[in-house]
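Novice: The structure under discussion is supplied below as structure tokens; questions concerning it will follow.
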Amino acid sequence: MGKKVALISGITGQDGSYLAEQLLEKGYEVHGIIRRNSSDSTGNLAILETGYHNPLKKVNLHYGDVTDSNNVDKLMRKIQPDEVYNLAAQSHVRISFDIPEYTANVDALGTLRFLESIVKNDLVKKTKFYQASTSELYGEVQEIPQTEKTPFYPRSPYAVAKMYSYWIVVNYREAYGVFACNGILFNHESFRRGLSFITKKVVNLAVKIKKGKMDKMFLGNLYSKRDWGYAPEYTEAMWEILQHDQPEDFVIATGETHTIKELVEEVFVNLGDSVRWEGEGLEEKGILNSNGQVVVEIDPHYFRPTEVNLLIGDATKAKEVLGWEAKTRFKDLVKIMVSDELKSMQ
Ligand code: NAP
Ligand code: F7E
């Protein structure tokens, strides 16, 4: 049997880059879709030898965009993948309020474009499809903790667009028999996380503050709670989901939840300091116990018109059916992220 062929949309992102590495390790021929950007977006792939730079063509990169159905269809016909991992998204929740229509085009219709191509090109028996669904679907949570059966209540244009994708995956599975699955992944983080997400932002700025390169950071809502896991473990779960003998949807989470305040505190503990809080509302401040320096202030720019206050997932099904379980918990995740950030700034 020849090599299995995988196509990853969103390969330059945090998850796409880990997944590409893991699939190469497993012996796959890996293809990825990259957008034409005026600046280089392949930093997360630096570890891999790409088709551009090396004749070994370890990863085959194709220019494309999931808003372009001709492009998606053409790539699907050319590559004839055994597995598609649809990770491409405008993935920032707050920014989705600024660009809701664009977010819907990418995060909702992008998914439809792949599924239509599978059906139209008679790839139903060949191609399995993974959709990057999200805990943001639970939004104003209807149940604690959240499972595969918890009703959705999306609270942003991002989450509403992802809700379309969730259901179109279910529909194409039931209507046409596509092996299509949703991974409902709770927040997962790493050194490769984009700088505008809270874990990476706090770790990056705290390290700069402790090195004397900055005075303070500005944050939004300190009281929301998230279930944060470690990204490479979550991309392994994506693969596991497609190896199951039937197409199903799975929650992937740690089962532990923490506030943004706890995140800030834990990051500074890992940098040999500690933070106390003074004031309320917009006047609330985080202060270093070592020297009294104000290191956190509130900027309402980072507030969302509607917030997701509490996420905590129950990944029992993934454990029982796939044997998948989160290994890295909150404290270890922060330790890893701080250590990787320090190394990168040496
Ligand atoms: P990310 O780092 O923001 O990566 C998003 C990827 O999508 C990037 O490669 C980006 O390319 C690409 N992309 C954006 N718009 C595109 C378009 N129009 N056409 C083609 N590619 C496009 O996201 P991530 O954290 O790796 O997450 C991967 C997926 O899982 C996303 O769908 C996200 O919504 C979902 N998800 C993430 C989490 C999480 O906690 N990380 C949890 C649940 C679900 P550029 O590099 O060119 O921008
Ligand atoms: O915010 C609060 C903010 O942007 C987490 C995406 O990968 O995970 C991610 O979405 C929390 C929110 O992630 C700042 O209000 C406070 O309550 O890191 P985040 P997210 O919105 O949970 C889900 C699962 C996805 O699917 C998404 O694609 O932190 N917060 N102050 C802040 N957030 C940011 N970004 N910046 C702040 O300054």
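Novice: Among all residue pairs at least 6 apart or on different chains, which show Cβ distances below 8 Å where the first residue, located in segment 295-307, is at positive phi and the second is more than 10 Å from ligand 2 (Cβ to nearest atom) and among the hydroxyl-bearing types (Ser, Thr, Tyr)?
Specialist: none
Novice: Is it the case, given these coordinates, that Glu278 is among the acidic types (Asp, Glu), modelled with pLDDT of 95 or more and under 24 Å from Gly220 (Cα atoms)?
Specialist: Taking the combined requirement at face value, the residue satisfies it.
Novice: Hey, another quick one. Would you mention how many residues in segment 108-157 are more than 24 Å from Gln246 (Cα to Cα), touching a strand residue (DSSP E or B) at 6+ places or on another chain (Cβ under 8 Å) and not aliphatic (A, V, I, L, M)?
Specialist: Residues meeting the conditions: 2.
Novice: Being touching a residue at least 24 places away in the same chain (Cβ under 8 Å) and either over 16 Å from Val251 (Cα atoms) or over 19 Å from the mean Cα position of the chain (by Cα) (or both) narrows it down to one of Ala161, Ala175, Ala132, so name that one.
Specialist: Ala161 is the lone residue from the list that is touching a residue at least 24 places away in the same chain (Cβ under 8 Å) and either over 16 Å from Val251 (Cα atoms) or over 19 Å from the mean Cα position of the chain (by Cα) (or both).
Novice: Could you pull out every one of the strands (runs of 3 or more DSSP E) wholly within segment 200-318 that has 1 or more residues that are more than 10 Å from ligand 2 (Cβ to nearest atom)?
Specialist: Where strands (runs of 3 or more DSSP E) fall fully within segment 200-318 and carry at least 1 residues being more than 10 Å from ligand 2 (Cβ to nearest atom), they are 250-252, 275-278, 285-288, 294-298.
Novice: Out of the residues in segment 72-94 that are touching a Phe, Trp or Tyr at 6+ places or on another chain (Cβ under 8 Å) and assigned to a helix (DSSP H, G or I), which is farthest from Leu112 (Cα to Cα)?
Specialist: Going through the qualifying residues, I end up with Arg94.
Novice: In addition: Just to be sure I understand, how many residues within segment 1-47 are within 17 Å of Gly194 (Cβ to Cβ) and either more than 12 Å from ligand 1 (Cβ to nearest atom) or acidic (Asp, Glu) (or both)?
Specialist: Residues meeting the conditions: 3.
Novice: Here's something else I'd like to know. If I filter segment 279-337 down to residues being of a type in the set (D, E, K, R) and touching a helix residue (DSSP H, G or I) at 6+ places or on another chain (Cβ under 7 Å), which single residue comes out as surrounded by the fewest Cβ atoms within 10 Å (Cβ to Cβ)?
Specialist: Residue satisfying both the conditions and the ranking: Lys327.
Novice: Let me ask you something else. Of all residues in segment 95-117, which are among the β-branched types (Val, Ile, Thr) and part of a helix (DSSP H, G or I)?
Specialist: Ile95, Thr103, Val106, Thr111
Novice: So if I check each of Phe129, Phe152, Phe97, which one is more than 25 Å from Asp314 (Cα to Cα) and of a type in the set (Phe, Trp, Tyr)?
Specialist: Phe97
Novice: Here is a check on your reading of the model: is Glu320 within 26 Å of Glu140 (Cα to Cα), without any contact (Cβ under 8 Å) to a residue 60 or more places away in the chain and not hydroxyl-bearing (Ser, Thr, Tyr)?
Specialist: No, not satisfied.
Novice: Another question, if that's okay. Going by the structure shown, is Ala89 within 16 Å of ligand 2 (Cβ to nearest atom) and over 15 Å from Ile8 (Cβ atoms)?
Specialist: Taking the combined requirement at face value, the residue does not satisfy it.
Novice: Which residue pairs have Cβ atoms closer than 8 Å, lie 6 or more positions apart in sequence or on different chains, and pair a first residue in segment 75-99 that is basic (Lys, Arg) with a second residue that is within 15 Å of ligand 1 (Cβ to nearest atom)?
Specialist: Final answer for the pair search is Arg77/Ser117; Arg94/Ser156.
Novice: Within segment 237-273, can you find the residues that are acidic (Asp, Glu) and farther than 30 Å from Ala6 by Cα?
Specialist: Glu256, Glu262, Glu265, Glu266, Asp273 - these are the residues of segment 237-273 that are acidic (Asp, Glu) and farther than 30 Å from Ala6 by Cα.
Novice: Right, next: Which is outside any loop (DSSP other than H, G, I, E, B) and either in contact with a Gly (Cβ under 7 Å, 6 or more places away or on another chain) or modelled with pLDDT under 95 (or both), of Ser165, Ser133?
Specialist: Result: Ser133 is the single residue among Ser165, Ser133 that is outside any loop (DSSP other than H, G, I, E, B) and either in contact with a Gly (Cβ under 7 Å, 6 or more places away or on another chain) or modelled with pLDDT under 95 (or both).
Novice: Answer with yes or no whether Lys200 is within 11 Å of ligand 1 (Cβ to nearest atom), among the basic types (Lys, Arg), under 22 Å from Thr111 (Cα atoms) and buried (at least 16 other Cβ atoms within 10 Å of the Cβ).
Specialist: no
Novice: Sticking with this structure for a sec: Can you confirm whether segment 190-197 contains a residue that is closer than 27 Å to Glu325 by Cα, in a loop (DSSP other than H, G, I, E, B), touching a strand residue (DSSP E or B) at 6+ places or on another chain (Cβ under 9 Å) and within 14 Å of ligand 2 (Cβ to nearest atom)?
Specialist: Yes, some residue in segment 190-197 is closer than 27 Å to Glu325 by Cα, in a loop (DSSP other than H, G, I, E, B), touching a strand residue (DSSP E or B) at 6+ places or on another chain (Cβ under 9 Å) and within 14 Å of ligand 2 (Cβ to nearest atom).
The values are calculated or read from the model by the stated rules, or taken from the named source; none is laboratory data. Nothing here was measured: the structure is a model prediction, and the numbers come from that model. So basically every Cβ, Gly included, is an ideal-geometry build from the backbone, and we count neighbours across all protein chains shown.
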